[in-house]
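Engineer: The structure is given below, and queries will be raised subsequently.
Bear in mind that the values in this text are calculations on the coordinates, not laboratory data. In this text, all values refer to a predicted model and were calculated from it rather than measured experimentally. Quick reminder, even Gly has a Cβ in these numbers, built from the backbone with ideal geometry, and neighbours come from all protein chains shown.
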Amino acid sequence: MTSPNADYIPEILDPSTEVKLRADLRYGPDDATLWPQPYLENYPYLSVIPHKTQDPHRQKSVMWWLPKASDFEQSNTAMVKGIGSLTGTEMDSVKEQVRSLLKRVRDYRNGEGKNLKKEDGSMLIDSGLVTLVHTWVRLDGSPGTLEEKCMELSEVQRSYPRVEGNHGLLCMATPADTDQSRSTRRRCPRDIGRGWLYHQPAAYSPGVFCGWHTRLADERL
């Protein structure tokens, strides 16, 4: 198992494992934002979630941001000490990224993806959108302790790449020989497809994944 956009081969995970929440509020190798996931026909977007960026200056790096006490601001209206919200440039960047993705996905569902059928992924993209909205509203709209806000942020950070990956997958599924397809690819996030590529041979889907990743890798040359 390998990938045209990775310089190493990841360790294959044991399919039977006990999932545990770690100190960084992630699930270790079982977390799709940290480790390559096997291709599953019902959840194809898991294998196209971008890997963690090593550049802290990139906007997407906030999707792996773990807040500190200095990122927490006490609420002026709460009657209890220790209740507040996350603030600062990182939080502002998370808000910008989430709002931008929500707009892109909603525009897609109201336009080119308006007639998307359940078997083509409508339920996955819609349920992911609802989850992202729910986790974001809870993080941004209600005060809590630092631990609670960090946990809420981690849920947003996990929901975001799932929705983005699914959206990019649906965009790239458009036939490649149409003007509409070329326009769609230009609007798709360029980070999609540059992350993990990890397939189980029995579920290999060359028409969608291999060609997509290879094309994006070639475009970068």
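Engineer: Show me the ranking of peptides 27-38, 91-102 by mean Cβ neighbours inside 10 Å, starting with the highest. Spell out each step's value before the answer.
Structural biologist: On the way: 27-38: 18.3, 91-102: 16.7.
Per-residue Cβ counts within 10 Å, averaged per peptide and sorted highest first, yield 27-38, 91-102.
Engineer: Skipping prolines and chain starts, which residues have an amide H placed within reach, meaning under 5 Å, of the one on Gly84, given they are 5 or more residues away or on another chain?
Structural biologist: Ser75, Gly144, Thr145
Engineer: Each residue of the stretch 140-145 in order: what ³J(HN,Hα) in whole Hz does its phi give by Karplus 6.51 cos²θ - 1.76 cosθ + 1.60, θ = phi - 60°, with x for Gly and Pro?
Structural biologist: 3J(HN,Hα) across the stretch 140-145, in whole Hz: 8, x, 10, x, x, 6.
Engineer: Going down the list Lys68/Lys149; Lys60/Lys114; Lys95/Lys118; Lys95/Lys149; Lys60/Lys103; Lys60/Lys95, which pairs span over 20 Å between their C-alpha atoms? The partial results should precede the final answer.
Structural biologist: On the way: Lys68/Lys149 11 Å; Lys60/Lys114 28 Å; Lys95/Lys118 29 Å; Lys95/Lys149 14 Å; Lys60/Lys103 17 Å; Lys60/Lys95 12 Å.
Too far apart for the 20 Å limit: Lys60/Lys114; Lys95/Lys118.
Engineer: At 7 Å along the Cα-to-beta-carbon direction for both His57 and Asn115, put a label point, then send me their distance in nm to one decimal.
Structural biologist: 4.7 nm
Engineer: Rounded to whole Å, give me the distance from the Cα center of the stretch 37-97 to that of the stretch 98-135.
Structural biologist: 20 Å
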